[in-house]
Amino acid sequence: MKVDMSPKAVRERLRLMDELWLLSVKLMNSKKVKVSKTIKSEYKSIITCPECGFQKEEEMPTDSCVFFYECENCKKLLKPKKGDCCVFCSYGSVECPPKQTGNDCC
């Protein structure tokens with residue numbers, strides 16, 4: 001196989017290599033952004049009492065589940081709904097940190 005080594009052909013190959021390199025950098029950067037967004041977790045959630053509608057922002061633990069939560073307003077004891085792992089997954093505005101990152105909870 002004979003390769004054209006004329007200055008024009010070499011410049012064209014170098015230009016194409018530069019384009020490919022820039023595209024690969026853009027692709028790697030876009031994947032980094034997506035990964036960092038999926039890994040970042042929120043640690044505050046607003047729990048809404050199903051009995052009285054009272055809402056309160058609470059800090060979520062990262063290393064344990066909250067199975068019981070007493071409403072400050074009506075004193076009802078909240079428990080996770082069937083299929084949920086904790087009260088944040090059932091009554092919170094944000095799921096618990098393990099679920100946010102795609103891991104099993106408790």
³J(HN,Hα), Karplus 6.51/-1.76/1.60, whole Hz, each residue of the stretch 68-80, x for Gly, Pro: 10, 8, 9, 5, 5, 7, 9, 6, 5, 8, 8, 10, x
19 Å Cα-Cα reach of K8 towards aspartates and glutamates, excluding residues that sit fewer than 8 places from it in its own chain: D18, E19
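Since every read-out is calculated from the coordinates, none of them should be taken as a lab result. On a predicted model such as this, the values are computed, not experimentally measured, just so you know.
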